[in-house]
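Notes for the one structure printed next.
The values are calculated or read from the model by the stated rules, or taken from the named source; none is laboratory data. Since the model is a prediction, treat every value here as computed from it, not as a measurement. Positions of Cβ are generated from backbone atoms using ideal geometry, with glycine treated the same way; all protein chains shown enter the neighbour counts.
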């Protein structure tokens, strides 16, 4: 199956250690991603799970395996299980999401690359939603860290 991916990155004025920590600390994930609940066993082979909405009937639930855990540089998630109240995804996919944190002169650059989206039209809407969602998520991370949009030039 042919797949596609997308990548997004942002410069941040925070240290690589601080930025990496917010990727796996449940209270931080709830703060920047707006999850209702979050559980993370932050080790290689551990679990990363977040839920949005009512705990008895959530709007969305995402559970993944932490395939790579290399603080403060890299974390990769795979073996996703995804549930939406609206129903299953209209396609089969083997997603992998990799976060990298690279030191920069005034902080760091946070990058996410998400791979495994089917290339067919059945995944177009979900793919577009993920691209839009990551842009909004990175802006939310910036706000969570107390930064303005000016920090986006750090990695440039």
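Check whether at least one residue in region 72-85 is under 16 Å from the mean Cα position of the chain (by Cα), at pLDDT 95 or above and farther than 30 Å from residue 118 by Cβ, and report yes or no.
Yes, that holds for at least one residue.
Would you be able to say whether some residue in region 107-114 is farther than 23 Å from residue 45 by Cβ and over 15 Å from the mean Cα position of the chain (by Cα)?
yes
So which residues in region 1-49 are assigned to a loop (DSSP other than H, G, I, E, B), surrounded by 15 or more Cβ atoms within 10 Å (Cβ to Cβ) and in contact (Cβ under 8 Å) with a residue 24 or more places away in the chain?
13, 14, 42 - these are the residues of region 1-49 that are assigned to a loop (DSSP other than H, G, I, E, B), surrounded by 15 or more Cβ atoms within 10 Å (Cβ to Cβ) and in contact (Cβ under 8 Å) with a residue 24 or more places away in the chain.
Identify the residue in region 50-84 that is outside any strand (DSSP E or B) and touching a residue at least 40 places away in the same chain (Cβ under 8 Å) and, among all such residues, is surrounded by the most Cβ atoms within 10 Å (Cβ to Cβ). Don't jump to the end; show me each part of the working.
Narrowing region 50-84 to residues outside any strand (DSSP E or B): 55-56, 71-73.
Applying the additional criterion that residues be touching a residue at least 40 places away in the same chain (Cβ under 8 Å) yields 71-73.
On the way: 71: 14, 72: 16, 73: 14.
The qualifying residue surrounded by the most Cβ atoms within 10 Å (Cβ to Cβ) is 72.
Kindly indicate whether any position in region 114-135 is in a helix (DSSP H, G or I) and under 22 Å from residue 16 (Cα atoms). Explain how you work it out, then say what you get.
Filtering region 114-135 for residues in a helix (DSSP H, G or I) gives 121-135.
Add one more test, that the residue is under 22 Å from residue 16 (Cα atoms), and what stays is 134-135.
Within region 114-135 (the criterion being in a helix (DSSP H, G or I) and under 22 Å from residue 16 (Cα atoms)), the answer is yes, since at least one residue qualifies.
If we keep just the residues of region 110-121 that are out of contact with any helix residue (DSSP H, G or I) (no Cβ under 9 Å at 6 or more places or on another chain) and surrounded by 14 or more Cβ atoms within 10 Å (Cβ to Cβ), which is nearest to residue 147 (Cα to Cα)?
Filtering first and then ranking leaves 111.
Which members of region 35-51 meet the condition of being within 14 Å of the chain's Cα centre (by Cα) and closer than 17 Å to residue 85 by Cα?
35, 49, 50, 51
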